[in-house]
Amino acid sequence: MPHMYILRCADGSYYVGSTRDLERRMFEHGTGAGAAYTRKRLPVVLVFAEEYEFVHEAYEREKQVQGWSRRKREALIAGEYDRLPGASRSRYRRQSG
């Protein structure tokens, strides 16, 4: 089944990805055969995964979560879904006048 997943890297950063085979992909990341980003930040730990019926759903979720702030990703990882709306990036609003 396709998955969207989040890894915590050795430097404390997060990597968001999607795959058809989570076990294989985790092996690749763990051995340095995964993404260039994680290769430079080993070891990595799987901290979150969601399963989807279709690959395109996992990929769309990956792209959504990649656009999130660190705070919002951490709320998702912690299962604190009620914090997700408030954890969005604040937008600078120009004051007119």
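The values are calculated or read from the model by the stated rules, or taken from the named source; none is laboratory data. These figures come from a predicted structure and were not determined experimentally. Ideal geometry is used to build each Cβ from the backbone, glycine not excepted, and the neighbour counts take in all protein chains shown.
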- prompt: Of the residues that make up the stretch 74-89, is at least one modelled with pLDDT under 95 and either in contact with a Cys (Cβ under 6 Å, 6 or more places away or on another chain) or acidic (Asp, Glu) (or both)?
  reply: yes
- prompt: How many residues does the stretch 75-91 contain that are closer than 13 Å to Ile6 by Cα and either in contact (Cβ under 8 Å) with a residue 60 or more places away in the chain or over 15 Å from the mean Cα position of the chain (by Cα) (or both)?
  reply: 2
task: Look at the stretch 1-60 and say how many of its residues are touching a Cys at 6+ places or on another chain (Cβ under 6 Å) and aliphatic (A, V, I, L, M).
output: 1
